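Scroll down for the structure; my scribbles are underneath it.
Bear in mind that the values in this text are calculations on the coordinates, not laboratory data. Quantities reported herein were computed from a predicted structural model and do not represent experimental measurements. When we count neighbours, we look across all protein chains shown, and the Cβ atoms used for this are built from the backbone with ideal geometry, even at glycine.
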Amino acid sequence: MSFFTSANKPFLIAGPCSAETREQVWQTAEGLSGMPLQLFRAGVWKPRTRPGSFEGKGEEALLWLQEVKKYFGFAITIEVAEAEHVALALKYGMDSVWIGARTTVNPFQVQHIADALKGVSIPVLVKNPVNPDVDLWQGGIERIMAAGVTDIAAVHRGFSTYKTQRSYRNQPNWIIPIELRRRFANLPIFCDPSHITGKASLVAQVAQKAMNIGFDGLMIETHVHPNEAWTDAAQQLRPSELKELLAQLIIRKEFAPEDNLELEYLRQTADNIDSEIIDLLSRRMEISAQMGDIKRQNNITAYQPDRWREILDTRCEQGYKLSLDKQYIAALWQIVHDESIKKQLELPEQKPEESA
Ligand code: PEP
Ligand code: MN
């Protein structure tokens, strides 16, 4: 059982973006006391986009976090971006560390941290890289795993885009954490709706969406006085607001109970339709192979651009009339057509005159 596997969903991580002062850390922890927190978070070294902003209190803040651990009983997690941060986290008895989005993008840096974690058993959270690259996220996790760390969880905090394309501060691209889950079946995945939305009023809706998808936990920035926060002021919740969010949050069951007959009926119907689709795809492929033969015999290319255009247009148009998204149909038929061309090219070579 991993440190990050919680019997009660969601695994909850809360606390300020940054540890600013002893009072701010203490009062935030006080506000959170009694809530079902598994980890209290605070940034001690802050990766800032531009120089000259508040870059964290460093080692001094670790003493404040030690106090929070001692008096409120919270386990503590902090961000590490250097091997030296790992050494200090261990020296001050931090319970967990996280690797931030600006660090996960850099394999050299992740490797330095992984090397510092060798032989140490501390739970590690790996945030996604700032760019939407699931392989890079996977690679970061693999480096930490290879260092021998057994308790690992991924944190989805959204992906950067240029300002004009933003609805949230960082785009969620939900398909990416879902793909990561496919790649690591047993890896807990948490959502950080604070950094996705960048806005306190939107945090609850994204937290709910994460629960609907099946995320295991939440990391939510919480500050005793959000408006006065030195970093990420717009997105932090007051402890009372976090409490309200948790009270409203609907937790979905990951495994649908088999005694839900209505769902079972719909699933069987979907199974039957899928089976018909596979039969049709197989027939479609037989026809493609026959067309491939004829193309060979008549010495014409397997790929015919005009024909592909016509296929795409007619299928998208038909789908659209039946309320199917054109992009969805286009993507599907691209796969069908690519596979068909691939099969035609695999046919044994024949000279046109031989088969005449
Ligand atoms: C943070 O959690 O405060 C932080 C800096 O996050 P990220 O790495 O996701 O930007
Ligand atoms: Mn932050």
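Overview of values
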| quantity | calculated |
| --- | --- |
| Local net charge near Ala200, Cβ-Cβ under 11 Å (Lys/Arg +1, Asp/Glu -1) | -1 |
| Cα-based helix-to-principal-axis angle, 200-213 vs the chain, degrees rounded to 10 | 50 |
| Share, in percent, of DSSP beta bridges within segment 11-248 that are antiparallel, nearest 5 | 5 |
| Under-5 Å amide H pairs with Val126, H placed in peptide plane, nonlocal only | Ile99, Ala153, Ala154, Val155 |
| Label-reachable residues, segment 1-45, where backbone N falls under 20 Å from a point 7 Å from Val120's Cα toward its Cβ | 3-4, 19, 39-45 |
| Residues whose placed amide H lies under 5 Å from that of Gly15, excluding near-sequence neighbours | Arg41, Ile220, Thr222 |
| C-alpha long axis of helix 107-117 to longest principal axis of the chain, angle in ° | 50 |
| Derived scalar couplings ³J(HN,Hα) [segment 75-86; Karplus, 6.51 cos²θ - 1.76 cosθ + 1.60; whole Hz; x for Gly, Pro] | 6, 10, 10, 10, 7, 10, 10, 9, 4, 5, 4, 4 |
| Local electrostatic count, Cys17, Cβ distance below 13 Å [Lys/Arg +1, Asp/Glu -1] | -1 |
| Karplus-derived HN-Hα couplings along segment 145-157 (A = 6.51, B = -1.76, C = 1.60, θ = phi - 60°), whole Hz, x at Gly and Pro | 4, 5, 6, x, 6, 9, 9, 10, 9, 9, 10, 8, 10 |
| Local electrostatic count at Glu179 - Lys and Arg +1, Asp and Glu -1, tallied over other residues with Cβ under 12 Å | +1 |
| Where the Cα pairs of segment 11-248 fall when distances are cut into 5 Å bins, in % | 1, 7, 15, 20, 22, 18, 12, 5, 0, 0 |
| Low-density loop cleavage sites - chymotrypsin sites (Phe, Trp or Tyr not before Pro) in segment 190-262, where at most 13 other Cβ are within 10 Å (DSSP) | Phe255 |
| Ranking of Leu280, Leu65, Leu88, Leu237 by count of other Cβ atoms within 10 Å, fewest first | Leu280, Leu88, Leu237, Leu65 |
| Part-to-part distance (alpha-carbon centres) for segment 1-79 and segment 239-271, which is given in Å | 30 |
| Integer Hz, Karplus 6.51/-1.76/1.60 couplings in order for segment 328-344, x for Gly and Pro | 5, 5, 4, 5, 5, 6, 4, 5, 4, 5, 4, 5, 5, 5, 4, 5, 5 |
| Nearest 10 degrees, 0 to 90: helix 305-321 Cα axis against the chain principal axis | 60 |
